[in-house]
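In what follows, a single structure is set out as structure tokens and then discussed.
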Amino acid sequence: MRRFTSLLALAAFAVATPALADHHGEAMMGESHAHHPALKAAVASDVRGEDSQRDQWRHPFETLDFFGVKPGMTVVDYMPAGGWYTRILVPYLGSEGRYVGLTPDPAAADAERFGEYFGGLPGKFEETYGGWNLSGAPVSIYASQDMPEAMKGQVDRALIFREMHNLLRSGVLYTELTRIRSMLKDDGMLGIVQHRAKADAPGDYTNGSKGYLRQDDVIALVEAHGFELVGMSDINANPADPANWEGGVWTLPPSNSGDVAGAAETGESDRMTLLFRKR
């Protein structure tokens, strides 16, 4: 019933705004494609170095286009890690935009190991960012508990790439989604790309510890935190991924843990791509 209700809501929204039903998010809500040359240039830029080797699995142009990210926006990149999307977003958003790297509140984690890891993320990002020689949007990095009050209601897009399982298994999901929502403008949106488990995968495989989550579970969790699903896409789908690796998603590239037969040939994980509006 939960899935049926979500699909009815999505279908109703698509009738009202047909552009959002398009597989690649083309002409989202009737907006022009004037930003496409800038996005193509950012994806093709030499500053990305070896990042482009992952484009066949991560589809950055199609993904950011689907999420409606445009130059001049203020964008939160949640847990930017090694900066894979940073090196696209900073040049693409341009000098009129703003890039905000956001990391979890260590105090919200329910295990010491997560708290220690989260606590080190802002400093680690700041140390490495200077070596990327990026120009474009001003860059800020904050742990969520240190986000300035002035940022509330100022963000156009918040993006979470392959991190929902970490929010779930560490216990910070409520805290972080609540803070992200408070940062978004009234018409702001949240884009999520996440490793996708099979719909019938057991609960002990989809609690975050294996990296895979069921799509229906992600939709339900995000909607329960004050968002409305407005679009979904198979841009980042990989039907070759059985999504049942004993060692979890890290069996696959780029981690390649365990040297498991067939993993390298499979490529990166099957992924859901979801777009939510703040409600």
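A short reminder: the numbers here are calculations on the coordinates, not readings from a lab. Everything numeric here is computed off the predicted structure, so don't read it as measured data. Cβ coordinates were reconstructed from backbone atoms using ideal geometry, including for glycine residues, and neighbour counts include every protein chain displayed.
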### Query
Looking at this structure, is Leu159 of a type outside the set (Lys, Arg) and assigned to a helix (DSSP H, G or I)?
no
### Options Leu213, Leu190, Leu221: the member that is crowded, with 21+ Cβ neighbours inside 10 Å, of a type outside the set (D, E, K, R), under 16 Å from the mean Cα position of the chain (by Cα) and closer than 29 Å to Ala150 by Cα
Leu190
#### Entry: Positions within the range 127-162 being more than 18 Å from Lys70 (Cα to Cα), of a type in the set (D, E, K, R), surrounded by 13 or more Cβ atoms within 10 Å (Cβ to Cβ) and out of contact with any His (no Cβ under 9 Å at 6 or more places or on another chain), in sequence order
Lys152
### Pair list, Cβ < 6 Å and 6+ apart or interchain, from the range 223-245 residues that are over 15 Å from Arg58 (Cβ atoms) to residues that are in a loop (DSSP other than H, G, I, E, B) and among the small types (Gly, Ala, Ser)
Ala243/Ala197
### Task
Check off (1) surrounded by fewer than 17 Cβ atoms within 10 Å (Cβ to Cβ); (2) at positive phi; (3) of a type outside the set (D, E, K, R) for Asn244 and give me the number that stays unchecked.
(2)
### Message
Considering only residues that are touching a Pro at 6+ places or on another chain (Cβ under 7 Å) and assigned to a strand (DSSP E or B), which ones fall in the range 67-98?
### Response
Arg98
### Query
Just for the range 31-66: of the residues that are touching a residue at least 60 places away in the same chain (Cβ under 8 Å) and either outside any helix (DSSP H, G or I) or in contact with a Gly (Cβ under 7 Å, 6 or more places away or on another chain) (or both), which one is surrounded by the fewest Cβ atoms within 10 Å (Cβ to Cβ)?
Trp57
